[in-house]
Structure formats: structure tokens, C-alpha cells
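Peer 1: Okay, handing you the structure first.
The values are calculated or read from the model by the stated rules, or taken from the named source; none is laboratory data. This is a predicted model, so every value here is computed, not measured. We place every Cβ from the backbone using ideal geometry, glycine too, and count neighbours over all the protein chains shown. The area values use the complete protein model at the heavy-atom level, side chains included, leaving out ligands, DNA and RNA. Shrake-Rupley method; radii C 1.70, N 1.55, O 1.52, S 1.80 Å.
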Amino acid sequence: QVQLVESGGGLVQTGGSLRLSCAASGRSLTRDARGWFRQAPGKEREFVAAVSWTGGTTGYADSVKDRFTITRDNAKNTVYLQMNSLKAEGTAVYYCTAANTIARVSSGGDYWGQGTQVTVSS
């Protein structure tokens, strides 16, 4: 059984940065695509970013492009989301996900973590 555990959330001021991590256990996800979604209060969960199993292909929501960067360390079975220039609308619970293809991850993967809260204050 795959388990995903997010960490790194917290309170940050507008314009600040945070780095989220998502560690996988249960089995290696080296050959799986990984991704991040977020859900703001009163809103549906939305796609944020995804990365292929090699790390060579990435995709981002337009709202975070050029500010967020997704990377992975297969040796650690971990994926990261570096978030810069955070805006108030970035306040949400951030979830990591995994699936066998980047297309599947981008539309909602097969495995999900419990989420980590990010709060951006003005």
C-alpha cells in the first residue's frame, strides 16, 4: 500500500516562499509520475503541478507558472514543490498525488496524501 506524506506547509507572508515535500512509502514510485493539487476553502481541488518519472517533463497550472517549481529525488522517493512569490490566493491545503503517467496525475492520480496547510497572509 502506497502512503504519501506531505510536509513543509505553514504561514507565510505575501511574496514569501515555502518548499513542500511529499515522501512516499510502501513501494518505490521511481517509475511513477508525481504531482500536486490544492484545495482552497469553499473551492474544488485544483491541479497545481506535475512531473514525469524521469523529471524531464513538467506541467503547471497557469496561475502558478513561473513562480512554482516541481522537482523529484527518486533516491529519496520524494517530490518537492518550491513556491515563490506567494499570493493570498495560494492559501489552501496542498495535496500530493502519484500515478503511472503524467497525464493521469494531472487529472487526479491514484494515490493521495493527507495534505498540508499553506496560509498566505497579507
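Peer 1: For a quick check of understanding: with a 1.4 angstrom probe and all protein chains in place, what accessible area in square angstrom does residue 73 have, to the nearest ten?
Peer 2: Accessible surface of residue 73 is approximately 50 Å².
Peer 1: Using a 7 Å offset from the Cα along the Cα-to-Cβ direction at both residue 73 and residue 101, what is the distance between the two label points in nm, to one decimal?
Peer 2: 3.0
Peer 1: Per residue, how much accessible surface does the chain expose to a 1.4 Å probe? Answer in Å², no decimals. Provide the component values of the computation, followed by the final result.
Peer 2: Numbers: 6160 Å² over 122 residues.
Each residue of the chain exposes 51 Å² on average to a 1.4 Å probe.
Peer 1: What lysines sit close enough to residue 43 to cross-link, taking a C-alpha to C-alpha distance under 19 Å and skipping anything fewer than 8 places away on the same chain?
Peer 2: Correct list for residue 43: 87.
Peer 1: A further question follows. In angstroms, what radius of gyration and Dmax does the chain have, counting Cα atoms only?
Peer 2: Both quantities, over Cα of the chain: 13.2, 40 Å.
Peer 1: Right, something else. Top to bottom by accessible area (1.4 Å), largest first, where do 46, 89, 6 land?
Peer 2: Accessible-area ranking of 46, 89, 6, largest first: 89, 46, 6.
Peer 1: Now a separate question. For region 13-66, go through all pairs of different Cα atoms, get the mean of 1/r, take its inverse, and jot down that Kirkwood value in Å. Don't skip to the answer; put the middle values down first.
Peer 2: Details: mean 1/r = 0.0759 Å⁻¹.
Result for region 13-66, one decimal place: 13.2 Å.
Peer 1: Another one. Per-residue accessible area for residue 4 at 1.4 Å probe radius, Å² rounded to 10?
Peer 2: Estimated to the nearest 10 Å², residue 4 gives 10 Å².
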